[in-house]
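The values are calculated or read from the model by the stated rules, or taken from the named source; none is laboratory data. None of these values were measured; they are calculated from a predicted model. Every residue, glycine as well, gets a Cβ built from its backbone with ideal geometry; the counts of neighbours run over all protein chains shown.
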Amino acid sequence: MNGRERVLALLGGGAPDHLPLMPITMMFAAQRIGAKYRDYAGDHRVLAEAQVRTAETFDLDYVSGISDPAREASDLGATVEWFEDQPPAIVEDCALLAEKRRLAALRVPDPTAGPRMSDRVEAVRLLRERVGGGKIVEGWVEGPCAMSADLRGVNTLMLDFFDDPGFVRDLFAFTVEMELGFAMAQIQAGADLIGVGDAAASLVGPQIYSEFVQPFERVLVRGIQDAGAPVRLHICGKTRKLYRGMAATGAEIIDLDSMAPLAEARAEMGPSPVLLGNLDPVRVMRDGTEAEVEAGFAECHRAAGARYIVGAGCEVPAGTPDANLRAAARYAQSH
(Lines give C-alpha, C1' and ligand atoms only; values in the text may rest on other atoms or scores of the structure.)
Protein backbone atom coordinates (compact mmCIF):
# COMPACT_ATOMS: atom_id res chain seq x y z
CA MET A 1 0.00 0.00 0.00
CA ASN A 2 1.08 3.58 -0.56
CA GLY A 3 0.34 6.29 2.00
CA ARG A 4 -2.94 7.39 0.45
CA GLU A 5 -4.22 3.83 0.19
CA ARG A 6 -3.13 3.12 3.77
CA VAL A 7 -5.00 6.06 5.29
CA LEU A 8 -8.14 5.54 3.21
CA ALA A 9 -8.18 1.84 4.07
CA LEU A 10 -8.16 2.63 7.78
CA LEU A 11 -10.85 5.30 7.45
CA GLY A 12 -12.98 2.92 5.42
CA GLY A 13 -12.90 0.22 8.08
CA GLY A 14 -10.36 -1.96 6.29
CA ALA A 15 -6.99 -3.29 7.39
CA PRO A 16 -3.98 -1.25 6.24
CA ASP A 17 -0.64 -3.00 5.93
CA HIS A 18 0.63 -0.98 8.90
CA LEU A 19 -0.31 2.06 10.97
CA PRO A 20 -0.45 5.35 9.06
CA LEU A 21 1.95 8.13 10.04
CA MET A 22 0.46 11.64 9.99
CA PRO A 23 2.32 14.04 12.34
CA ILE A 24 1.75 17.77 11.84
CA THR A 25 4.98 19.30 10.53
CA MET A 26 5.08 23.03 9.89
CA MET A 27 8.09 24.77 11.44
CA PHE A 28 9.91 21.43 11.32
CA ALA A 29 9.21 21.17 7.59
CA ALA A 30 10.32 24.75 6.91
CA GLN A 31 13.50 24.13 8.85
CA ARG A 32 14.05 20.97 6.82
CA ILE A 33 14.57 22.98 3.63
CA GLY A 34 16.27 25.95 5.28
CA ALA A 35 13.28 28.26 4.77
CA LYS A 36 12.19 31.05 7.08
CA TYR A 37 8.70 30.47 8.41
CA ARG A 38 7.50 33.78 6.97
CA ASP A 39 8.16 32.34 3.52
CA TYR A 40 6.62 28.97 4.38
CA ALA A 41 3.35 30.62 5.49
CA GLY A 42 3.34 33.20 2.73
CA ASP A 43 4.34 31.29 -0.40
CA HIS A 44 2.62 28.05 -1.40
CA ARG A 45 5.65 26.97 -3.41
CA VAL A 46 7.87 27.02 -0.32
CA LEU A 47 5.23 25.19 1.73
CA ALA A 48 4.79 22.48 -0.91
CA GLU A 49 8.52 21.93 -1.28
CA ALA A 50 8.96 21.65 2.49
CA GLN A 51 6.00 19.30 2.90
CA VAL A 52 6.98 17.00 0.06
CA ARG A 53 10.62 16.79 1.06
CA THR A 54 9.70 16.09 4.70
CA ALA A 55 7.15 13.44 3.73
CA GLU A 56 9.60 11.72 1.40
CA THR A 57 12.49 11.84 3.87
CA PHE A 58 10.54 10.39 6.78
CA ASP A 59 8.02 8.21 4.91
CA LEU A 60 4.99 10.20 6.09
CA ASP A 61 1.71 9.07 4.60
CA TYR A 62 0.46 12.57 3.88
CA VAL A 63 1.28 16.17 3.08
CA SER A 64 -0.68 19.13 4.41
CA GLY A 65 -1.50 22.74 3.60
CA ILE A 66 -1.64 23.74 7.28
CA SER A 67 0.51 26.72 8.22
CA ASP A 68 -1.21 29.16 10.59
CA PRO A 69 -4.72 30.11 11.74
CA ALA A 70 -4.67 33.66 10.35
CA ARG A 71 -5.40 33.06 6.64
CA GLU A 72 -9.16 33.51 6.67
CA ALA A 73 -9.12 36.41 9.13
CA SER A 74 -6.46 38.14 7.06
CA ASP A 75 -8.59 38.01 3.92
CA LEU A 76 -11.51 39.45 5.90
CA GLY A 77 -9.36 42.44 6.82
CA ALA A 78 -8.06 41.52 10.28
CA THR A 79 -4.77 42.97 11.46
CA VAL A 80 -2.08 40.30 11.28
CA GLU A 81 1.49 40.61 12.51
CA TRP A 82 4.21 38.81 10.56
CA PHE A 83 7.49 37.52 11.96
CA GLU A 84 10.66 36.35 10.28
CA ASP A 85 10.68 32.83 11.68
CA GLN A 86 7.43 32.36 13.61
CA PRO A 87 3.82 31.92 12.45
CA PRO A 88 1.87 35.08 11.63
CA ALA A 89 -0.54 36.04 14.39
CA ILE A 90 -3.77 37.98 14.84
CA VAL A 91 -3.29 41.28 16.69
CA GLU A 92 -6.03 40.86 19.26
CA ASP A 93 -5.89 44.49 20.44
CA CYS A 94 -7.10 45.41 16.94
CA ALA A 95 -9.80 42.74 16.66
CA LEU A 96 -11.78 43.07 13.44
CA LEU A 97 -15.07 42.63 15.31
CA ALA A 98 -14.24 44.63 18.40
CA GLU A 99 -17.57 46.28 17.59
CA LYS A 100 -20.22 43.61 17.13
CA ARG A 101 -22.20 45.66 14.63
CA ARG A 102 -19.42 45.16 12.08
CA LEU A 103 -20.47 41.53 11.62
CA ALA A 104 -23.48 42.63 9.55
CA ALA A 105 -21.14 44.29 7.06
CA LEU A 106 -18.78 41.33 6.63
CA ARG A 107 -19.02 39.35 3.42
CA VAL A 108 -17.73 35.83 2.92
CA PRO A 109 -14.53 36.14 0.86
CA ASP A 110 -13.93 34.23 -2.34
CA PRO A 111 -11.34 31.60 -1.26
CA THR A 112 -9.78 31.64 -4.71
CA ALA A 113 -9.31 35.43 -4.75
CA GLY A 114 -8.19 36.56 -1.30
CA PRO A 115 -4.40 36.50 -1.16
CA ARG A 116 -3.93 34.20 1.81
CA MET A 117 -6.83 31.79 1.32
CA SER A 118 -6.01 31.40 -2.36
CA ASP A 119 -2.39 30.70 -1.45
CA ARG A 120 -3.52 27.66 0.57
CA VAL A 121 -5.74 26.52 -2.29
CA GLU A 122 -2.73 26.75 -4.58
CA ALA A 123 -0.63 24.87 -2.01
CA VAL A 124 -3.13 22.02 -2.11
CA ARG A 125 -3.12 22.05 -5.91
CA LEU A 126 0.68 21.92 -6.04
CA LEU A 127 0.87 19.22 -3.36
CA ARG A 128 -1.53 17.06 -5.38
CA GLU A 129 0.60 17.60 -8.47
CA ARG A 130 3.78 16.71 -6.60
CA VAL A 131 2.61 13.55 -4.79
CA GLY A 132 0.06 12.27 -7.32
CA GLY A 133 -1.92 9.44 -5.78
CA GLY A 134 0.89 8.29 -3.52
CA LYS A 135 0.07 10.27 -0.38
CA ILE A 136 -2.96 11.85 1.24
CA VAL A 137 -3.23 15.57 0.53
CA GLU A 138 -4.74 17.41 3.48
CA GLY A 139 -6.38 20.82 3.33
CA TRP A 140 -7.10 22.84 6.45
CA VAL A 141 -9.73 25.26 7.79
CA GLU A 142 -10.43 26.87 11.14
CA GLY A 143 -13.31 25.68 13.30
CA PRO A 144 -16.12 28.03 14.39
CA CYS A 145 -14.81 28.78 17.88
CA ALA A 146 -11.21 29.37 16.78
CA MET A 147 -12.22 31.55 13.84
CA SER A 148 -14.64 33.57 15.94
CA ALA A 149 -11.98 34.09 18.60
CA ASP A 150 -9.64 35.41 15.90
CA LEU A 151 -12.26 37.91 14.72
CA ARG A 152 -13.67 38.99 18.07
CA GLY A 153 -10.74 38.43 20.46
CA VAL A 154 -10.64 35.28 22.53
CA ASN A 155 -11.35 36.93 25.89
CA THR A 156 -14.21 38.97 24.48
CA LEU A 157 -15.73 35.88 22.86
CA MET A 158 -15.70 34.05 26.18
CA LEU A 159 -17.80 36.86 27.67
CA ASP A 160 -20.11 36.90 24.64
CA PHE A 161 -21.26 33.36 25.41
CA PHE A 162 -22.97 34.80 28.49
CA ASP A 163 -23.64 38.39 27.46
CA ASP A 164 -24.95 37.94 23.91
CA PRO A 165 -25.53 34.33 22.89
CA GLY A 166 -27.52 35.38 19.83
CA PHE A 167 -24.52 37.29 18.48
CA VAL A 168 -22.29 34.26 19.07
CA ARG A 169 -24.61 32.04 17.03
CA ASP A 170 -24.69 34.61 14.22
CA LEU A 171 -20.91 34.83 14.27
CA PHE A 172 -20.50 31.04 14.27
CA ALA A 173 -22.94 30.75 11.36
CA PHE A 174 -20.87 33.26 9.37
CA THR A 175 -17.62 31.45 10.09
CA VAL A 176 -19.05 28.05 9.15
CA GLU A 177 -20.33 29.43 5.84
CA MET A 178 -16.88 30.88 5.11
CA GLU A 179 -15.00 27.74 6.13
CA LEU A 180 -17.24 25.50 4.07
CA GLY A 181 -16.46 27.57 0.99
CA PHE A 182 -12.77 27.44 1.82
CA ALA A 183 -12.90 23.67 2.28
CA MET A 184 -14.77 23.20 -1.01
CA ALA A 185 -12.10 25.16 -2.88
CA GLN A 186 -9.39 22.97 -1.39
CA ILE A 187 -11.27 19.78 -2.23
CA GLN A 188 -11.68 20.97 -5.82
CA ALA A 189 -7.93 21.68 -5.90
CA GLY A 190 -7.17 18.09 -4.92
CA ALA A 191 -7.48 17.69 -1.14
CA ASP A 192 -8.40 14.16 -0.02
CA LEU A 193 -8.95 15.17 3.59
CA ILE A 194 -9.76 18.41 5.41
CA GLY A 195 -8.35 19.20 8.83
CA VAL A 196 -10.48 21.38 11.10
CA GLY A 197 -8.56 23.19 13.83
CA ASP A 198 -10.72 24.57 16.63
CA ALA A 199 -8.18 25.32 19.34
CA ALA A 200 -10.28 27.88 21.24
CA ALA A 201 -12.93 25.22 21.88
CA SER A 202 -10.69 23.72 24.56
CA LEU A 203 -11.18 26.90 26.61
CA VAL A 204 -14.90 26.30 27.19
CA GLY A 205 -16.60 23.79 29.44
CA PRO A 206 -18.85 20.95 28.32
CA GLN A 207 -22.07 22.96 28.67
CA ILE A 208 -20.95 25.81 26.40
CA TYR A 209 -19.34 23.34 24.03
CA SER A 210 -22.51 21.29 23.66
CA GLU A 211 -24.80 24.33 23.45
CA PHE A 212 -22.78 26.56 21.13
CA VAL A 213 -19.64 25.06 19.61
CA GLN A 214 -20.36 21.44 18.81
CA PRO A 215 -23.54 22.01 16.78
CA PHE A 216 -21.64 24.35 14.44
CA GLU A 217 -18.64 22.01 14.26
CA ARG A 218 -21.07 19.27 13.27
CA VAL A 219 -22.53 21.40 10.46
CA LEU A 220 -19.01 22.14 9.19
CA VAL A 221 -17.92 18.50 9.37
CA ARG A 222 -21.00 17.21 7.60
CA GLY A 223 -20.76 19.86 4.90
CA ILE A 224 -17.18 18.82 4.16
CA GLN A 225 -18.16 15.17 4.11
CA ASP A 226 -21.02 15.91 1.74
CA ALA A 227 -18.42 17.43 -0.60
CA GLY A 228 -16.58 14.11 -0.59
CA ALA A 229 -13.78 14.51 1.95
CA PRO A 230 -13.29 12.95 5.39
CA VAL A 231 -12.43 15.25 8.31
CA ARG A 232 -9.63 15.41 10.87
CA LEU A 233 -10.81 17.37 13.93
CA HIS A 234 -8.02 18.84 16.04
CA ILE A 235 -8.70 20.79 19.22
CA CYS A 236 -5.53 21.75 21.08
CA GLY A 237 -5.42 21.56 24.85
CA LYS A 238 -7.43 19.76 27.51
CA THR A 239 -10.49 18.25 25.86
CA ARG A 240 -11.29 15.28 28.09
CA LYS A 241 -14.67 16.77 29.07
CA LEU A 242 -15.55 17.27 25.40
CA TYR A 243 -14.85 13.75 24.12
CA ARG A 244 -18.42 12.64 23.46
CA GLY A 245 -19.31 15.87 21.71
CA MET A 246 -16.20 15.71 19.55
CA ALA A 247 -17.07 12.19 18.47
CA ALA A 248 -20.65 13.25 17.77
CA THR A 249 -19.43 15.76 15.17
CA GLY A 250 -18.96 12.71 12.95
CA ALA A 251 -15.33 13.53 12.11
CA GLU A 252 -13.56 10.40 10.92
CA ILE A 253 -10.30 11.31 12.69
CA ILE A 254 -10.12 12.82 16.17
CA ASP A 255 -6.65 14.31 16.64
CA LEU A 256 -5.87 14.66 20.35
CA ASP A 257 -3.36 16.81 22.20
CA SER A 258 -0.94 15.31 24.72
CA MET A 259 -3.11 16.64 27.58
CA ALA A 260 -6.06 14.50 26.40
CA PRO A 261 -5.69 10.85 27.51
CA LEU A 262 -6.26 8.41 24.66
CA ALA A 263 -7.62 5.57 26.80
CA GLU A 264 -10.32 7.85 28.19
CA ALA A 265 -11.06 9.12 24.70
CA ARG A 266 -11.56 5.62 23.34
CA ALA A 267 -13.82 4.71 26.26
CA GLU A 268 -15.93 7.86 25.82
CA MET A 269 -15.98 7.97 22.01
CA GLY A 270 -16.52 4.29 21.30
CA PRO A 271 -14.90 2.22 18.56
CA SER A 272 -15.76 4.25 15.47
CA PRO A 273 -13.48 7.33 15.31
CA VAL A 274 -9.89 6.88 14.28
CA LEU A 275 -7.75 8.43 17.04
CA LEU A 276 -4.56 10.30 16.17
CA GLY A 277 -1.85 11.41 18.58
CA ASN A 278 -1.04 12.12 21.30
CA LEU A 279 2.64 11.85 22.17
CA ASP A 280 3.97 14.88 24.06
CA PRO A 281 5.49 16.93 21.24
CA VAL A 282 8.14 18.64 23.38
CA ARG A 283 8.98 16.39 26.31
CA VAL A 284 9.11 13.18 24.27
CA MET A 285 9.02 13.94 20.52
CA ARG A 286 11.64 16.70 20.61
CA ASP A 287 13.55 16.12 23.84
CA GLY A 288 13.24 12.37 24.32
CA THR A 289 15.37 9.50 23.04
CA GLU A 290 14.47 7.27 20.11
CA ALA A 291 13.58 4.53 22.56
CA GLU A 292 11.28 6.88 24.49
CA VAL A 293 9.56 7.93 21.26
CA GLU A 294 8.89 4.32 20.26
CA ALA A 295 7.74 3.37 23.77
CA GLY A 296 5.49 6.41 23.87
CA PHE A 297 3.81 5.48 20.60
CA ALA A 298 3.41 1.91 21.80
CA GLU A 299 1.45 3.22 24.77
CA CYS A 300 -0.64 5.52 22.56
CA HIS A 301 -1.41 2.58 20.26
CA ARG A 302 -2.35 0.35 23.19
CA ALA A 303 -4.70 3.00 24.57
CA ALA A 304 -6.32 3.87 21.22
CA GLY A 305 -6.65 0.36 19.82
CA ALA A 306 -6.46 -0.73 16.20
CA ARG A 307 -8.12 2.39 14.76
CA TYR A 308 -5.11 4.57 15.37
CA ILE A 309 -2.81 6.90 13.42
CA VAL A 310 0.70 7.71 14.66
CA GLY A 311 1.26 11.40 15.38
CA ALA A 312 2.37 13.80 18.09
CA GLY A 313 -0.08 15.55 20.39
CA CYS A 314 0.30 18.70 18.30
CA GLU A 315 2.88 20.06 15.86
CA VAL A 316 6.27 18.35 15.74
CA PRO A 317 8.45 21.25 16.96
CA ALA A 318 11.36 22.77 15.09
CA GLY A 319 14.56 21.31 16.49
CA THR A 320 13.16 17.79 16.80
CA PRO A 321 15.99 15.37 15.97
CA ASP A 322 15.61 13.55 12.68
CA ALA A 323 16.24 10.31 14.57
CA ASN A 324 13.10 10.83 16.64
CA LEU A 325 10.85 11.29 13.62
CA ARG A 326 12.47 8.21 12.09
CA ALA A 327 11.64 6.36 15.31
CA ALA A 328 7.98 7.33 14.84
CA ALA A 329 8.15 5.96 11.29
CA ARG A 330 9.73 2.73 12.55
CA TYR A 331 6.92 2.23 15.04
CA ALA A 332 4.22 2.89 12.43
CA GLN A 333 5.80 0.61 9.85
CA SER A 334 6.27 -2.28 12.26
CA HIS A 335 2.72 -2.37 13.60
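When segment 78-96 is examined, which residues are found to be in contact (Cβ under 8 Å) with a residue 60 or more places away in the chain and either buried (at least 22 other Cβ atoms within 10 Å of the Cβ) or closer than 24 Å to Leu127 by Cα (or both)?
Hits for segment 78-96 are Pro87, Ile90, Ala95.
Taking segment 198-241 as the region of interest, how many residues are buried (at least 22 other Cβ atoms within 10 Å of the Cβ) and of a type in the set (Gly, Ala, Ser)?
Residues meeting the conditions: 2.
Among the residues of segment 296-311, which ones are crowded, with 23+ Cβ neighbours inside 10 Å and touching a residue at least 60 places away in the same chain (Cβ under 8 Å)?
Result: Tyr308, Ile309, Val310, Gly311.
Can you confirm whether segment 317-325 contains a residue that is at pLDDT 95 or above, buried (at least 23 other Cβ atoms within 10 Å of the Cβ) and of a type in the set (Gly, Ala, Ser)?
No: zero hits.
Here are Asp59, Asp75: which of them is at pLDDT 95 or above, surrounded by 15 or more Cβ atoms within 10 Å (Cβ to Cβ), charged (D, E, K, R) and more than 20 Å from Val196 (Cβ to Cβ)?
Every option except Asp59 fails the conditions.
If you check Leu103, Leu157, Leu96, Leu171, which single one turns out to be over 25 Å from Glu315 (Cα atoms) and outside any helix (DSSP H, G or I)?
Leu96
How many residues are β-branched (Val, Ile, Thr) and surrounded by fewer than 18 Cβ atoms within 10 Å (Cβ to Cβ) when one looks only at segment 117-172?
The initial filter retains those residues of segment 117-172 that are β-branched (Val, Ile, Thr), namely 121, 124, 131, 136-137, 141, 154, 156, 168.
Retained after the next criterion (residues that are surrounded by fewer than 18 Cβ atoms within 10 Å (Cβ to Cβ)): 154, 156.
So the answer is 2.
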